[in-house]
1. On full extension of the chain, what length is gained from residue 74 through residue 144, given 0.36 nm per residue of separation minus the C-alpha to C-alpha distance?
2. Over the chain, what is the relative contact order in whole percent, taking alpha-carbon pairs under 8 Å and six or more residues apart?
3. Can you give the local net charge around residue 79? Use residues other than it whose beta-carbon is closer than 10 angstrom to its beta-carbon, Lys and Arg +1, Asp and Glu -1.
4. Can you compute the charge dipole magnitude of the chain about its Cα centre, using +1 on each Lys and Arg Cβ and -1 on each Asp and Glu Cβ, nothing else charged? Give it in debye, rounded to the nearest 20.
5. Can you tell me, using C-alpha contacts under 8 Å and at least 6 residues apart, the relative contact order of region 10-85 as a whole percent?
6. Would you look at the GNM of the chain, springs on alpha carbons closer than 10 Å, and say which of 136, 11, 63 moves the most?
7. Could you go through region 72-80 in sequence order and give the Karplus-derived ³J(HN,Hα) for each residue, using 6.51 cos²θ - 1.76 cosθ + 1.60 with θ = phi - 60°, rounded to whole Hz, and x for Gly and Pro?
8. Give me the percent of the accessible area of region 77-139 that comes from carbon and sulfur atoms, probe 1.4 Å, all protein chains in place.
Amino acid sequence: KAFSRVEKVLYLNLEDLGSCKLSFAGEDKPGLDELVYAIKSRRNTLELKIESSVSRDGRGTYYFKECANPMDLRSLSAEDVKELLRAIAGSRVYDKVIIDLGNGLQDKEIMAMSMANRVIMITDQSEISSLKLERYLKFAQTIEETRKIDIISKMQIYFNRILKGTQLPEH
């Protein structure tokens, strides 16, 4: 929302159970359902569907309403996500595209992160979060090595709920 004050921003929620309802209030357009259909039907209408399915909230952020059935979004393959992101980038409409992936490292998430300029991770200083972050980074490193892609060098880690005077983990 803050970026939307100065730039044209698209928020794309690709989380399996993600929802924009709590964060954005705006036009009631078809949303991701139409994009999934356009990708799966292979009718070369994706660019038109992007334009007709995007909503805009009162503060200027563009977004796609979530799929009515979460299984529809899960049906997208890594190549489908690549096609969607290329179509959005190819439209040259948005200054920034923020993709919300949740915390998975399936093919869909790996594809999105490999295409991104930056990968932002949010964590906290709890012991369990530290352990999960360490395991996540090891897994990402293995993916980089086996698939010859770059993810970790694009990562920025932000710590949430940090108390003043607390030292952050070294890794």
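1. Stretched out fully, the residue 74 to residue 144 stretch lengthens by 22.9 nm.
2. Relative contact order, the chain: 24 percent.
3. Neighbourhood net charge equals -1.
4. Roughly 360 debye, rounded to the nearest 20.
5. Value for region 10-85: 41 percent.
6. 136
7. Computed from phi, the couplings for region 72-80 are 4, 5, 5, 6, 6, 8, 4, 5, 5 Hz.
8. 48
The values are calculated or read from the model by the stated rules, or taken from the named source; none is laboratory data. In this text the structure is predicted, and so the values were computed from the model without any measurement. Methodologically, a virtual Cβ is constructed for each residue, glycine included, from the backbone with ideal geometry; neighbour enumeration extends over all protein chains shown. Accessible surface areas use protein heavy atoms only, side chains included; no ligands, DNA or RNA. Shrake-Rupley method; radii C 1.70, N 1.55, O 1.52, S 1.80 Å.
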